[in-house]
Structure formats: structure tokens, C-alpha cells
1. Please verify whether GLY398 is farther than 30 Å from THR120 by Cβ and either open to solvent by 20 Å² or more (accessible area, probe 1.4 Å) or under 35 Å from the mean Cα position of the chain (by Cα) (or both), treating the condition exactly as stated.
2. Is it the case that some residue within region 268-286 is within 24 Å of GLN67 (Cα to Cα), in a helix (DSSP H, G or I) and under 23 Å from the mean Cα position of the chain (by Cα)?
3. Which residue is surrounded by the most Cβ atoms within 10 Å (Cβ to Cβ), if the candidates are limited to region 320-371 and must be charged (D, E, K, R) and closer than 24 Å to THR125 by Cα?
4. Provide a single number: the residues in region 173-190 that are modelled with pLDDT of 85 or more and part of a loop (DSSP other than H, G, I, E, B).
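The values are calculated or read from the model by the stated rules, or taken from the named source; none is laboratory data. Fair warning: this is a prediction, and the values are worked out from it, not measured in the lab. Ideal geometry is used to build each Cβ from the backbone, glycine not excepted, and the neighbour counts take in all protein chains shown. These area figures cover heavy atoms from the full protein model, side chains too; ligands, DNA and RNA do not enter into them. Shrake-Rupley method; radii C 1.70, N 1.55, O 1.52, S 1.80 Å.
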Amino acid sequence: MDKQKRCSFCGRSGSEVNLMITGLNACICDDCAREANRVVLENSKSQDSFKMNKLPKPKEIKEYLDQYVIGQDDAKIAMSVAVYNHYKRLEYESSKSDANDVEIEKSNIIMVGSTGTGKTLLARTIAKMLVVPFTIVDATVLTEAGYVGEDVESILSRLLQVANYDVKAAERGIVFIDEIDKIARKSDNPSITRDVSGEGVQQGLLKLLEGSKINVPPYGGRKHPEQKFIEVDTRNILFICGGAFDGIEKRIAQRLNTHVVGYGAVENAAQVDKKNLMQYIAPMDLKSFGLIPEIIGRMPILTHLEPLDKSALRNILTEPKNSIVKQYIRLFELDGIRLEFEPEVLDFIVDKAVEFNLGARGLRSIVETIMMDKMFESPSKRIKHLTITLDYAKEQLGKSGANRLAINR
């Protein structure tokens with residue numbers, strides 16, 4: 001009897017399948033049942049993967065950041081408060097019943113700091129803690145519509161891909177736009193011609209940052225009329241922008257000097273910390289650098305990252321959960337080798353990172369140069385213990401790798 005029944009999904013008969021499950025008015029074969037189960041599991045995973053059970057308080061966010069990012073307390077506090085207020089706003093908006101209630105606007109963030117100070121790491125760590133869709137976009141690949149490069153809408157395409165095309169999840173995600181300083185306009189005067197990767201891209205970003213419904217090509221790339229689009233509302237997407245703004249210290253110094261006038265000039269000048277001018281950054285400095293006032297106004301939270309000194313770099317090597325030294329120790333543990341670094345080696349690595357002016361990223365480059373030969377040889381040798389000495393580190397860094405690091409400063 002079952003041999004004559006057919007699956008209501010694929011149409012195969014009972015003789016062509018291993019098992020036919022019979023219902024009141026329909027049948028399903030074992031293959032279709034397994035496929036249906038897979039679809040249900042994937043759908044439930046997509047819906048549950050970005051649910052926030054409890055919004056952490058700003059202090060809890062900062063404590064979590066402290067486990068991964070050394071120092072930068074001012075930036076951590078600013079980020080913690082901004083992110084907390086943003087998602088508290090989302091909870092308020094979803095529970096708001098009266099149309100006359102106060103409408104809270106979102107506050108996008110812009111971080112200024114030299115390379116290797118932890119801008120990207122801060123944003124990625126917060127997104128990891130909150131379990132929300134997160135994507136990093138490089139502003140340098142964006143161009144005006146009609147030119148070779150990516151449209152600004154491609155930013156949202158990447159966010160959709162991270163969220164498994166769950167539009168609701170993507171609409172409360174976080175986007176980190178890196179190298180925002182690279183799209184500064186080339187002169188102080190507004191351009192009367194095309195500025196393909198500068199002012200024009202800033203103009204294109206305005207509607208995304210402020211909040212509007214954007215037609216997004218689902219797979220990125222350039223738009224074309226026959227393409228299908230997904231509508232994404234950016235009102236609840238938090239945008240975090242970061243940039244090194246190389247040379248902006250000169251503009252800060254010029255602004256500070258213009259205010260030092262009168263009898264108190266010498267006293268006021270002495271109060272300015274010339275070694276860390278970035279702490280005095282203001283929106284007017286971003287404007288003089290080349291960001292248009294409209295885009296500055298849509299990123300009301302401005303924070304800076306301190307330049308890393310030797311003690312901070314030394315802590316970065318060993319303290320965070322994902323510290324560089326801990327990563328290499330674990331890599332060698334997987335081969336059954338106990339790896340140790342002499343304390344003098346760590347100080348030597350820090351000194352070279354300061355000399356090359358590479359920030360925290362330089363630490364990994366230097367350690368990689370020192371460890372390359374050992375990582376190549378050790379897995380094939382029957383050794384249980386490996387100690388990296390200062391003489392060995394100097395010898396390895398004295399090769400061509402150190403010269404390349406110095407050249408790329």
C-alpha cells in the first residue's frame with residue numbers, strides 16, 4: 001500500500017525512498033523531512049543568534065572592554081555610554097505606546113587616534129559582547145555613484161550578509177567605517193567639480209548616518225535597474241567611524257595658539273600637553289581637516305585614543321585575553337611544546353615597536369619576525385620546551401624582516 005503513495009513535496013513514490021511518513025491527507029518522504037528539519041533549524045538559529053537577553057550597563061561594558069583593550073579609558077567610557085544609550089533607545093522605541101512620547105535620536109560615534117591604538121578592536125569587542133550583527137567597512141573603497149568602486153549602499157550589503165539576510169537583525173547592528181579620514185575633501189573650499197572619493201562620498205553617507213530607508217543590493221556591487229533590492233531602515237543602526245587623521249595635531253596646535261592671547265598667554269600655553277595634542281580635539285578640527293559640517297553633525301560623539309607608550313605596549317603583549325604572547329603560547333601547545341619568553345625579550349619587542357612607530361599592530365609584526373624560523377622547525381622536532389632568548393630575538397630581527405618594518409613606518 002505504501003509503495004503506491006507519493007511524497008507531497010518531491011513526488012517520488014514509496015518504492016523510490018527509504019521511508020514514507022503518512023499524514024491525514026498527505027505524505028512526506030524521509031529525504032524531504034530531513035531537508036525541512038534543516039530549514040527550520042537554520043531559520044530558528046537566524047532569529048535567535050542576535051537576540052540580546054539583557055542590556056549590560058555602561059560599567060559592565062567597560063569592564064568587558066578592559067579584558068581585551070589596554071588603557072584608552074576615555075574612549076572606553078565614551079563608547080560604553082554611547083552604545084548603552086543606543087540600545088536603551090531601541091528598547092524604549094519598541095515599547096513606546098503613545099505617539100506623543102519623547103523621540104530619542106541615535107548618536108553615532110567618531111574615534112580619532114593614530115594607527116594601532118585600538119579603534120577597530122574597541123568596536124569589534126563591543127559587538128562581540130552585545131551579540132549583534134557587526135561589519136567593518138573601509139571608506140577608501142567607496143566612490144561616488146557612477147565611478148569605479150563601491151557605492152555607499154554596499155556598507156549595508158555587508159551588514160545584511162553578516163545577519164544572514166535577517167533585515168530586522170541588521171537594522172539594529174553596528175557598522176564600523178574605518179579610514180574615514182581618507183575621504184576628507186582635498187581643500188577647504190567646497191568642490192565645484194567631482195571629488196570622486198572625497199566630498200562626494202561624504203555626501204552619500206549622510207542619509208545612512210542620519211537614518212532613512214535605503215534600497216540595498218543584497219550581494220553588494222554596483223546598482224543597476226534590473227536588480228532586486230532589499231529595503232533597510234538605518235535609523236537604528238549604530239555607525240562608528242574611525243580614522244588616524246594623520247597631521248591633525250598641527251591643526252589642533254594652531255587652534256590652541258589662537259586662543260592664547262593677553263597677559264595669561266604664557267600660563268595658558270604651559271597648561272597644554274604638547275606631547276598629546278589629540279586629547280584637545282574638537283569638531284572644528286575635523287572640519288579644518290576636510291570633513292564636511294553635515295557629516296560631523298551626524299556623529300555627535302567625538303572621542304580620541306591616546307598614543308601608546310612603552311608601558312601600555314608591554315601590557316598589550318601579555319595581559320589581554322587575546323594577547324599576542326598568549327596566542328603564540330597556545331599555538332605551540334597544540335604541538336605539545338611549552339613556549340616561554342625571557343622578560344628581556346618582551347622589553348626588546350616593545351622598544352622596537354616604539355622605534356618603528358607601528359603601535360600595537362607593530363608588536364605582532366615583530367613577534368612574527370622573531371618566531372618565524374621556530375614555527376617552521378619546531379613542529380618537526382621532538383622537543384617539549386622552547387625558550388626565546390634576547391640574543392636569539394636580536395639575531396632574528398637583525399635580518400631583512402626588521403629592515404622591512406622600518407621602511408614601512
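1. Numbers: farther than 30 Å from THR120 by Cβ: yes; either open to solvent by 20 Å² or more (accessible area, probe 1.4 Å) or under 35 Å from the mean Cα position of the chain (by Cα) (or both): yes.
It is true that GLY398 is farther than 30 Å from THR120 by Cβ and either open to solvent by 20 Å² or more (accessible area, probe 1.4 Å) or under 35 Å from the mean Cα position of the chain (by Cα) (or both).
2. Going through region 268-286, the residues within 24 Å of GLN67 (Cα to Cα) turn out to be 279.
Then keep just the ones that are in a helix (DSSP H, G or I); that gives 279.
With under 23 Å from the mean Cα position of the chain (by Cα) added as a condition, the list becomes 279.
Yes - at least one qualifying residue is present in region 268-286.
3. Here is the first cut: in region 320-371, the residues charged (D, E, K, R) are 321, 326, 330, 333, 335, 338, 340, 342, 344, 347, 351-352, 355, 361, 364, 368.
Now drop any that are not closer than 24 Å to THR125 by Cα, which leaves 321, 326, 330, 361, 364, 368.
Working: LYS321: 8, LYS326: 14, ARG330: 10, ARG361: 13, ARG364: 18, GLU368: 13.
Selected residue: ARG364.
4. 2
Yes/no per residue for (1) closer than 27 Å to SER311 by Cβ; (2) among the hydrophobic types (A, V, I, L, M, F, W, C); (3) in a helix (DSSP H, G or I):
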position	(1), (2), (3)
ALA360	yes, yes, yes
SER365	yes, no, yes
PHE376	no, yes, yes
THR387	yes, no, no
LYS394	yes, no, yes
